[in-house]
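Asks: To start, I am sharing the structure in question, which I have written as structure tokens.
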Amino acid sequence: MSPTISYKDSSRQRRPGSYHQSMDMEIKPPPPALYMDNHTARPGEDDTEALLQGFNSPSYMVSRGYRAELGSILLLLFLYVLQGIPLGLAGSIPFILQSKNVSYKDQAFFSFVFWPFSLKLLWAPLVDAVYFKSFGRRKSWLVPTQYILGFFMMYLSTQVDFLLGDVEGKSPDVVALTVTFFLFEFLAATQDIAVDGWALTMLSRENVGYASTCNSVGQTAGYFLGNVLFLALESPSFCNKYLRFQPQPKGIVTLSDFLFFWGAVFLITTTLVALLKKENKEVTPSKEETKGITDTYKLLFSIVRMPAVLTFCILILTAKVGFSAADAVTGLKLVEEGVPKEHLALLAVPIVPLQIILPLIISKYTAGPQPLNTFYKAMPFRLLIGLEFALLVWWTPKVQHEGGFPIYYYIVVLLSYALHQITLYSMYVAIMAFNAKVSDPLIGGTYMTLLNTVSNLGGNWPATVALWLVDPLTVKECIGAQEQSCGTTAAAEHCTELGGSCVTMLDGYYVESIICVALGFFWWFLLGSKLKKLQDEGQSSWKCKRTN
């Protein structure tokens, strides 16, 4: 259960998995991340139409079973596993920073790391249109990007201890960490674009549906390895309690070790792909060629200017403000109150079956002509769960004892997260169903990706703002030193030097939780009906006029 809740709406960036095949969208597996709502759409989708046209050729009328392409399916699966590793590692950093008592403003700054997966539509046309034909359309980007990722991870393994402040006398360099991991996620998002596009042509028409399964399973597994497994093996207390006979001061692995190992895996895998795997040119018809970078961006701009689309974008960019405190801050607050970060991460494991089943159940209610009704009905329940999260954080220190937390506490956390996931998925599946319903089929991939990108940004920016506002809304007083304050970091240090201590009188998280829920209900009462009315717009309101 990672704190990267909406960076991700997720990065932790994750999207639910079982119904994607019917919607042809990307999966950011609900990264086993506490209270995470981080879902993204895939930019390679606009290849689908041309791909299926190519498959209608006589040479592809012979049915091919999945066993005939098992090697390609396993390769796709592994590439998506590699894609999930950077997501998981980035999602673990806020936990580590929180244990080092960094400010919430620093956490807000670091949250920009999770934006590339939601913004990749901005450079996806470039990845799609520029390539070396002799080497392969997708390999032209996949191979160099993965090489850079591999070398980047190996170099980062030599610097990460210094950046995290693990060197004696140092504090975490949040700015350098943010820049470093932003580049890390940018490379991973670029790899994602290339793999998504290649998945459509690597498999035959009969087996192309397995691409979504590889995406869902692979990214989920990669995120699990980079986040849940890493946090558990990095924790000295967890390793000493469950995995060792003799206690040691460090965990079984360090972040440096983990980065070096996966950097080597990236390099070896990329070399094998470059040498041994060839793109199947027979399924890459000339019609798959893109229109051109400029034309693609003009098309995106023309879609956004349509009145119905513009209204939808404005509404969906503001709809998730009410959830921002609960989604972005709750996990960090639980760590601050003493809950071990590895325990929160492991608590997400039992939720995975629920995350698989939920889309199947909810899709029955969103398959009709009014999918946004489900979004509207689920919203107030999710807002109320935000208040329940605030109560959970308030209750946490009251049940803590020397041995940690009792079992019933973790059961309450697990149930709270499960309820949150039900409301989150109800809203998410509804939005994805609506996006699929209104997207112009002539340009369905570009259209759907644009709408999904806006939906993702609607979760990202409130999460960043929510993290940034926690400190300004918190009221602290200097106890033990007269006429001193704790309003700034310097003032707090001066208070301590004079023998006092800064005591929190009002936690900004609780203030923010109430404000966010109030804003959420205000949006629900005032604008919720306007969002539902978009379902009554005729199909002509969503069709884009294209010029050849």
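Asks: Give the residue that is modelled with the highest pLDDT, with candidates limited to residues of the stretch 278-328 that are over 30 Å from Leu387 (Cβ atoms) and among the basic types (Lys, Arg).
Replies: Just the residues of the stretch 278-328 that are over 30 Å from Leu387 (Cβ atoms), to begin with: 278-310.
Filter once more, so that each one left must be among the basic types (Lys, Arg): 278, 281, 287, 291, 298, 305.
Working: Lys278: 85, Lys281: 59, Lys287: 41, Lys291: 57, Lys298: 83, Arg305: 89.
So the residue we want is Arg305.
Asks: Also, I was wondering about something else. Would you say Ser455 is open to solvent by less than 10 Å² (accessible area, probe 1.4 Å) and over 22 Å from Pro94 (Cβ atoms)? Quick ask: steps written out before the conclusion?
Replies: Working: open to solvent by less than 10 Å² (accessible area, probe 1.4 Å): yes; over 22 Å from Pro94 (Cβ atoms): yes.
Considered against the rule, which asks whether it is open to solvent by less than 10 Å² (accessible area, probe 1.4 Å) and over 22 Å from Pro94 (Cβ atoms), Ser455 comes out as yes.
Asks: Criterion first (among the aromatic types (Phe, Trp, Tyr) and either touching a strand residue (DSSP E or B) at 6+ places or on another chain (Cβ under 7 Å) or within 26 Å of Gly520 (Cα to Cα) (or both)) does Phe375 satisfy it?
Replies: Working: among the aromatic types (Phe, Trp, Tyr): yes; either touching a strand residue (DSSP E or B) at 6+ places or on another chain (Cβ under 7 Å) or within 26 Å of Gly520 (Cα to Cα) (or both): yes.
When the stated conditions are applied, Phe375 passes them.
Asks: Out of the residues in the stretch 459-471 meeting the condition of being surrounded by fewer than 23 Cβ atoms within 10 Å (Cβ to Cβ) and either of a type outside the set (Ser, Thr, Tyr) or touching a strand residue (DSSP E or B) at 6+ places or on another chain (Cβ under 8 Å) (or both), tell me which one is modelled with the lowest pLDDT. Please lay out each step first, then the result.
Replies: Residues of the stretch 459-471 that are surrounded by fewer than 23 Cβ atoms within 10 Å (Cβ to Cβ), as a first pass: 461, 464-465, 468-469, 471.
Keeping just the survivors that are either of a type outside the set (Ser, Thr, Tyr) or touching a strand residue (DSSP E or B) at 6+ places or on another chain (Cβ under 8 Å) (or both) gives 461, 465, 468-469, 471.
Details: Trp461: 94, Val465: 95, Trp468: 95, Leu469: 94, Asp471: 89.
Among them, the one singled out is Asp471.
Asks: If we keep just the residues of the stretch 95-110 that are among the small types (Gly, Ala, Ser) and in a helix (DSSP H, G or I), which is least open to solvent (accessible area, probe 1.4 Å)?
Replies: To start, the set of residues in the stretch 95-110 that are among the small types (Gly, Ala, Ser) comprises 99, 103, 108.
Add one more test, that the residue is in a helix (DSSP H, G or I), and what stays is 99, 108.
On the way: Ser99: 66, Ala108: 3 Å².
The extreme case among them is Ala108.
Asks: Condition check: under 26 Å from Leu469 (Cβ atoms) and open to solvent by 30 Å² or more (accessible area, probe 1.4 Å). Does Ser118 satisfy that? If you could, list the steps in order and put the result at the bottom.
Replies: On the way: under 26 Å from Leu469 (Cβ atoms): yes; open to solvent by 30 Å² or more (accessible area, probe 1.4 Å): no.
No, not satisfied.
Condition check ((1) open to solvent by less than 30 Å² (accessible area, probe 1.4 Å); (2) aliphatic (A, V, I, L, M); (3) farther than 30 Å from Leu473 by Cα; (4) modelled with pLDDT of 90 or more) across all residues:
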| position | (1), (2), (3), (4) |
| --- | --- |
| Leu126 | no, yes, yes, no |
| Tyr131 | no, no, yes, no |
| Phe182 | no, no, no, yes |
| Ala189 | yes, yes, yes, yes |
| Ile193 | yes, yes, yes, no |
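Asks: Name, by its number, the condition in (1) over 29 Å from Ala68 (Cα atoms); (2) open to solvent by less than 10 Å² (accessible area, probe 1.4 Å) that does not hold for Gly197.
Replies: Among (1) over 29 Å from Ala68 (Cα atoms); (2) open to solvent by less than 10 Å² (accessible area, probe 1.4 Å), Gly197 violates only (1).
Asks: Looking at the stretch 80-95, I want the residues that are more than 13 Å from Gln219 (Cβ to Cβ) and modelled with pLDDT of 95 or more and have a partner that is assigned to a helix (DSSP H, G or I) and of a type in the set (Lys, Arg) with Cβ atoms under 9 Å, at least 6 apart or on another chain. Which pairs are those?
Replies: none
Asks: For the stretch 490-548, how many residues are charged (D, E, K, R), assigned to a loop (DSSP other than H, G, I, E, B) and either surrounded by 13 or more Cβ atoms within 10 Å (Cβ to Cβ) or in contact with a strand residue (DSSP E or B) (Cβ under 8 Å, 6 or more places away or on another chain) (or both)?
Replies: We begin by selecting, within the stretch 490-548, every residue charged (D, E, K, R); these are 493, 497, 507, 512, 530, 532-533, 536-537, 543, 545-546.
Retained after the next criterion (residues that are assigned to a loop (DSSP other than H, G, I, E, B)): 507, 537, 543, 545-546.
Retained after the next criterion (residues that are either surrounded by 13 or more Cβ atoms within 10 Å (Cβ to Cβ) or in contact with a strand residue (DSSP E or B) (Cβ under 8 Å, 6 or more places away or on another chain) (or both)): 507, 537, 543, 546.
Final tally of qualifying residues: 4.
Asks: Here's a follow-up. Considering (1) among the aliphatic types (A, V, I, L, M); (2) farther than 20 Å from Phe375 by Cβ; (3) surrounded by 15 or more Cβ atoms within 10 Å (Cβ to Cβ), say which one Met448 fails and leave the rest.
Replies: All conditions are met except number (2).
Asks: Quick one: in the stretch 356-395, of everything that is at pLDDT 95 or above and β-branched (Val, Ile, Thr), which residue is most open to solvent (accessible area, probe 1.4 Å)?
Replies: Ile385
Asks: Could you tell me which of the residues Tyr428, Tyr409 is of a type in the set (Phe, Trp, Tyr), closer than 20 Å to Thr311 by Cα and open to solvent by less than 20 Å² (accessible area, probe 1.4 Å)? Working first, answer last.
Replies: Values: Tyr409 fails: closer than 20 Å to Thr311 by Cα.
After ruling out the rest, the residue left standing is Tyr428.
Asks: A further question follows. Can you tell me which residue in the stretch 206-259 is nearest to Leu347 (Cα to Cα), limited to those that are β-branched (Val, Ile, Thr) and assigned to a helix (DSSP H, G or I)?
Replies: This residue is Val228.
Asks: Could you run through the stretch 79-94 and say how many residues are open to solvent by less than 10 Å² (accessible area, probe 1.4 Å) and over 15 Å from Val174 (Cα atoms)?
Replies: Just the residues of the stretch 79-94 that are open to solvent by less than 10 Å² (accessible area, probe 1.4 Å), to begin with: 79-80, 82-94.
Subset that is over 15 Å from Val174 (Cα atoms): 79-80, 82-89.
Residues flagged as open to solvent by less than 10 Å² (accessible area, probe 1.4 Å) and over 15 Å from Val174 (Cα atoms) within the stretch 79-94 amount to 10.
Asks: When you check Cys478 against the structure, is it open to solvent by less than 10 Å² (accessible area, probe 1.4 Å), in contact with a Cys (Cβ under 7 Å, 6 or more places away or on another chain) and either closer than 24 Å to Ala390 by Cα or of a type outside the set (S, T, N, Q) (or both), yes or no? Spell out the reasoning first.
Replies: Numbers: open to solvent by less than 10 Å² (accessible area, probe 1.4 Å): no; in contact with a Cys (Cβ under 7 Å, 6 or more places away or on another chain): yes; either closer than 24 Å to Ala390 by Cα or of a type outside the set (S, T, N, Q) (or both): yes.
Answer is no for this residue.
Asks: Here is a follow-up. In the stretch 297-322, which residues are of a type in the set (Phe, Trp, Tyr) and buried (at least 20 other Cβ atoms within 10 Å of the Cβ)? Don't jump to the end; show me each part of the working.
Replies: Filtering the stretch 297-322 for residues of a type in the set (Phe, Trp, Tyr) gives 297, 301, 312.
Phe312 - this is the single residue of the stretch 297-322 that is of a type in the set (Phe, Trp, Tyr) and buried (at least 20 other Cβ atoms within 10 Å of the Cβ).
Asks: In the stretch 160-183, is there at least one residue being assigned to a loop (DSSP other than H, G, I, E, B), among the charged types (D, E, K, R) and within 24 Å of Cys214 (Cα to Cα)?
Replies: Of the residues in the stretch 160-183, the ones assigned to a loop (DSSP other than H, G, I, E, B) are 164-173.
Applying the additional criterion that residues be among the charged types (D, E, K, R) yields 166, 168, 170, 173.
Next, from what is left, pick out any that are within 24 Å of Cys214 (Cα to Cα): none.
Checked against the condition, which is being assigned to a loop (DSSP other than H, G, I, E, B), among the charged types (D, E, K, R) and within 24 Å of Cys214 (Cα to Cα), the stretch 160-183 yields no hits at all.
The values are calculated or read from the model by the stated rules, or taken from the named source; none is laboratory data. Bear in mind that the values here come from a model prediction, so they are computed numbers and not experimental data. Cβ sites come from the backbone with ideal geometry, for glycine too, and all protein chains shown count toward neighbours. Remember, those area values only see protein heavy atoms, side chains included, never the ligands or the DNA or RNA. Shrake-Rupley method; radii C 1.70, N 1.55, O 1.52, S 1.80 Å.
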